[in-house]
1. Quick check on this structure: which one of I509, I489 is under 17 Å from T18 (Cβ atoms) and not aromatic (F, W, Y)?
2. At pLDDT below 85 and either open to solvent by 20 Å² or more (accessible area, probe 1.4 Å) or not hydrophobic (A, V, I, L, M, F, W, C) (or both): is that true of S285 in this structure?
3. From the list A326, A358, pick out the single residue that is in a helix (DSSP H, G or I) and either modelled with pLDDT of 85 or more or touching a helix residue (DSSP H, G or I) at 6+ places or on another chain (Cβ under 9 Å) (or both).
4. Which of the residues belonging to region 144-156 are open to solvent by less than 10 Å² (accessible area, probe 1.4 Å) and polar (S, T, N, Q)?
5. When only residues in region 421-448 that are among the polar types (S, T, N, Q) and open to solvent by less than 30 Å² (accessible area, probe 1.4 Å) count, which is farthest from V246 (Cα to Cα)?
6. Collect the residues in region 8-47 that are of a type in the set (D, E) and open to solvent by 10 Å² or more (accessible area, probe 1.4 Å), keeping them in residue-number order.
7. Could you identify the single residue in W228, W239 that is over 20 Å from the mean Cα position of the chain (by Cα) and open to solvent by 60 Å² or more (accessible area, probe 1.4 Å)?
8. Which condition does V235 not pass, out of (1) of a type in the set (V, I, T); (2) touching a strand residue (DSSP E or B) at 6+ places or on another chain (Cβ under 6 Å); (3) modelled with pLDDT of 90 or more, if it passes all the others?
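The values are calculated or read from the model by the stated rules, or taken from the named source; none is laboratory data. A quick note: this is a predicted structure, and the numbers were derived from the prediction, not measured. With ideal geometry, Cβ positions are generated from the backbone for all residues, glycine too; neighbour counts draw on all protein chains shown. Heads up: the accessible areas ignore ligands, DNA and RNA and are worked out on the full protein's heavy atoms, side chains in. Shrake-Rupley method; radii C 1.70, N 1.55, O 1.52, S 1.80 Å.
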Amino acid sequence: MNDLMTVVDWSRWQFALTAMYHWLFVPLTLGLSVIVGIMETAYYRTRDPRRLAMTKFWMTLFGINFAVGVATGIILEFEFGTNWSNYSWFVGDIFGAPLAIEGLFAFFMESTFIAIMFFGWNKVSARFHLAATWLTALGASISALWILVANAWMQYPVGMEFDPAQMRNVMDDFWAVALSPVAIHKFFHAVFDGWVLAGVFVCGVSAWLLLKGRRREMAISSIKIGAWTGFIGLVLTIWTGDQSAVDVARVQPMKLAAMEGLYNGSTSQELVAFGILKGGHERLSDADPFHFKIGIPYGLSILANHDPGSFVPGINDIIAGISVNADGDTVSTVSYADRIMLGKKAHEALRAFDSALAAGDSTAMAEARADIKECYPYFGYGYLDSPEEAVPPVGVTFYSFRVMVIAGGYLLLFLLVALWSVYRRPSLWKSRLWLWIAVISVPVVWICSQAGWVTAEVGRQPWIIQDLMPTRAAISAIPAGSVILTFWIFAAVFTALLAAEVTIMIRQINKKEEE
């Protein structure tokens, strides 16, 4: 058992490492491709050689980031087969279909048109080159769409039915998977997050150029485009984030409770703006889990249900079976203790079905199939030994959510000041203090983006598929030593790739204006 948990823990760490490195590159690709498209559109309309130079400058940085992002993304997909083979079998074609579409359609689309972007200057017409640039941006977003559809299905499994004969889930409604509200909101939230990151990145790099006294005209023009892209992206990110919060309240209430450090819910529930959790707080305790906190009255009720007087269940409530239905009404559902019992019953029925199948007993197979179908919504709970195991790491989820929100608030203020100053107070962009604030904002936007993914993924633990499969049941039968070794190999390789990208980008940014 100890070796099993070692494999589980190290496999989770390895996947988290790969995913977080990959997410360093993805949002910049999504946003910078749009910004480059805007810049080239301006060049196409004006034929101003200065706009052409600006387009090529940012296009080069996009290309460097794109190449490294592809390398980490490929490894990420391979890990589903190497480390999570039980999961890959259990999800069948449901998880594989979006990834196959992403690889066969979106990735090939990106690969084709990115070649024209970089090597098609003076070889194709200006109109066709502009179209290739925008199609590359579209391809990057479509690629993100199908990956996020797959991820959203893990958080909200729909459009499928479990086939006990295959012991796997089978897709029975592709559009339910592809058009799940969780998938749609997650997709737009991630894409607009990319706009924010790229917009702040462009402002920060342009501020660096101004600090060095180079490419001033290009830097100011870039700041205008970057700040507008980032600001529009942030407003839309906040809107889609609100929609995602409602989704989480409906389909992953435990995640929402962990995000708030909420153990005992109430009506008109406040939102914790900032707080310090007590270490080692016990679930069943009625004591206040905070050393101190600053709350926003009615905030969580509004966030979760768009109703200031609504009830929001806490961790204890959810475990006891108290929840909120799709209409926002407080209802009694199945307690976690009963879910564990029903999950184990589903496991027993599956074993009975397998025995009946081997014996050719169709009557017993039909009875077992009916039992499986009845209890299947709680199938994953059958792997748990106690309700407490279904509670995610509250501290990590709580603090990462606050880092995301606080950093997002800072970025909103920064982008507003950037837009105001570039049009109304251009002299601000001569202030070394403000320029350094712009440069420092670049790591802040990455921290904000990473914190959002930590909240989304840690908050759904222990599930790899919500309610249907915990991580302990999803791993491959591989030695713990192999996972530990590859973890450190990947850590070294990804760190080297990141260092190489940063080095190459810095050299490109600091190149003299020769072109």
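1. After ruling out the rest, the residue left standing is I489.
2. It is true that S285 is at pLDDT below 85 and either open to solvent by 20 Å² or more (accessible area, probe 1.4 Å) or not hydrophobic (A, V, I, L, M, F, W, C) (or both).
3. Only one candidate passes the filter, namely A358.
4. Q155 - this is the single residue of region 144-156 that is open to solvent by less than 10 Å² (accessible area, probe 1.4 Å) and polar (S, T, N, Q).
5. By that ranking, first place goes to S421.
6. D9
7. W228
8. (2)
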